[in-house]
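All remarks here apply to the structure that follows.
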Amino acid sequence: MKKYPYIFAGLIMLSGCTTIENTLVGPPADITPDLPEIPSEWVKAGVVGEVPVGNWLEVFDDPMMIALVNEAMESNPTIRASEARVRAAKQQARAVFGRSLPSASYSFDNGYSTVVNSQTLGGGVVVDGRFSQPSYRQSLDLAWELDLWGRVRAENQAARTDFFATEADLAAAQLSLGGQTATAWIDLNAALEQVRIARETFDANKRIVELTERRFERGLSTALDVRTARTQLATSEAQIAAQEQIRANAVRRLEVLLGRYPSAELEAPSVLPTLDPIESSGNPLLLLTRRPDIAAAEARVEAAGLRAEQARLGILPAFRASGSVFNSSSIEFGDIFDIDRISANVFGSLTQTIWAGGALRAEKRAAVANAEALAADYTNTVLTAWREVEDALDADVFLETQLNAQIRALEEARLAEELATRQYQNGLVSIFNLIQSQITRFGSEASAISAAQARANNRINYYMALGGSEYVEPEEGATYTAQLTESSDS
């Protein structure tokens, strides 16, 4: 025992750990999200569906859409930023883990020292001699904090969980980008359809102007008819310009998502998908394990809880072992491994803050409050996810009804336009009847395009709300330690 006094002193201090912890700090904070009762099925669907598998993009049967989404995943700067955040979080976790391990530092000083040599000669004469000689000193210092209470372990786990949260953020960003790209593609095709309708409207109005002017020359129409037809033609020309602007904006939005320069040069086939009704997928409980944004929120709650525990345990004493394996200017290499020398130089210290103005307990309360806030955010994320699924299920029924009604209205409007054209040519109706029938027909066609666009976008929103393809959480376990120690960077 005489050889290793500091080690045995440390063991004596450890003997009262449990009593100290129970005395100085209370129990760990209970950070639990407050979720409402979870139904076993989607309310709107009324059934429990199978969990969707495979690529949700295949539902749209559009190879170009899939190709654009893949391009966006490769080139979009938002994804690259998220990937960089994942790498940063991983390295930060490795840094936290590395700081919890024993550390060693070596120092070597090399220089010159001045030596004064005084001699007394005969007759009492004193001679001073000053000269410099080389000198050096080297030391190898060790330090390590013993994790008595689990505070260091909580810090490591919090950093690790932050890393998992950023991985889930990346998955959420990829899912969101896929949805945005698909939506932008749908919007571009719909905009091209609206441009087509606007041009057809202009061409039809131009024919009416020509017909009205010929009838006016023969005295079969009035000047008012001519002015009215020309007004409608100018209005349709303005509509072309407005729809072209919408188209150009839609192209540029898609090009930016693809990481391209927004030159408005991307072409599209002007075709919208034909969709079947939604088949219910999964249930509200399964959604909690599918959506990456929920996984990220859950990981952040866990990390905040661990930091609250770290702050709670920070009130307790900290035991640190430190010292020098050697610190000398004349030590022999073999002495580095002398156990007696090491035990004599390494010592333990027990540090306990007596008064810090209440800072430690304030930090503990702040950490608990932050964890409670993130737990509330998690609840809000889950509630929003459930609402998005229910909204999409509900909207699909209404949008299908709306689209079918618009298609029937378009069929009737076309028949009415054909009838009005024949009757106008025969002088049975006025130009106002003809123009009104054309306005109705083109308006019905534009509304049908808008309904098809809205339904396709709602289908995308539905798969976004479900979490797209199944999300798999990062693996946990012993492999993580290997990830943290794979680099020798200090």
Using the structure shown, decide if V256 is touching a Pro at 6+ places or on another chain (Cβ under 6 Å), open to solvent by 20 Å² or more (accessible area, probe 1.4 Å), at pLDDT 90 or above and hydrophobic (A, V, I, L, M, F, W, C).
yes
Which residue out of A446, A482, A478 is open to solvent by 10 Å² or more (accessible area, probe 1.4 Å) and modelled with pLDDT of 85 or more?
A446
Pairs only if they're at least six apart or on different chains, beta carbon under 7 angstrom, first in the stretch 257-277 and on the phi < 0 side of the Ramachandran plot, second open to solvent by 70 Å² or more (accessible area, probe 1.4 Å); list them, first residue then second.
L257/Q180; P262/R252; P262/V256; P273/D61
Pair list, Cβ under 9 Å, 6 or more apart: the stretch 77-90 residue more than 19 Å from R253 (Cα to Cα) and of a type in the set (K, R), other residue assigned to a helix (DSSP H, G or I) and open to solvent by 40 Å² or more (accessible area, probe 1.4 Å)
R85/D169; K90/E167; K90/Q483
Given the criteria open to solvent by less than 40 Å² (accessible area, probe 1.4 Å), at pLDDT 85 or above and within 30 Å of E145 (Cβ to Cβ), does A93 qualify?
yes
Of all residues making up the stretch 205-257, the number that are assigned to a helix (DSSP H, G or I) and either over 28 Å from V429 (Cα atoms) or aliphatic (A, V, I, L, M) (or both)
28
Boolean, E470 is farther than 30 Å from V397 by Cβ, within 35 Å of the chain's Cα centre (by Cα) and either modelled with pLDDT of 90 or more or not in a helix (DSSP H, G or I) (or both):
no
All conditions in (1) under 16 Å from the mean Cα position of the chain (by Cα); (2) without any contact (Cβ under 8 Å) to a residue 12 or more places away in the chain are true of R215 except (1)
If you go through the stretch 65-88, how many residues are open to solvent by less than 80 Å² (accessible area, probe 1.4 Å) and either modelled with pLDDT under 90 or not polar (S, T, N, Q) (or both)?
15
Quick check on this structure: which one of R320, R312 is at pLDDT 55 or above and open to solvent by 70 Å² or more (accessible area, probe 1.4 Å)?
R320
Among the residues in the stretch 224-243, are any open to solvent by 50 Å² or more (accessible area, probe 1.4 Å), under 30 Å from L175 (Cβ atoms) and of a type outside the set (K, R)?
no
Do the conditions hold for R300, that is, is it more than 25 Å from W185 (Cα to Cα), part of a helix (DSSP H, G or I), among the basic types (K, R) and at pLDDT below 90?
no
Restricting the stretch 357-411 to residues that are exposed (fewer than 13 other Cβ atoms within 10 Å of the Cβ) and among the basic types (K, R), the one farthest from G467 (Cα to Cα) turns out to be R408
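The values are calculated or read from the model by the stated rules, or taken from the named source; none is laboratory data. Since this is a predicted model, take the numbers as computed values, not measurements. All Cβ positions, even for glycine, are placed from backbone atoms using ideal geometry, and neighbour counts span all protein chains on display. Heads up: the accessible areas ignore ligands, DNA and RNA and are worked out on the full protein's heavy atoms, side chains in. Shrake-Rupley method; radii C 1.70, N 1.55, O 1.52, S 1.80 Å.
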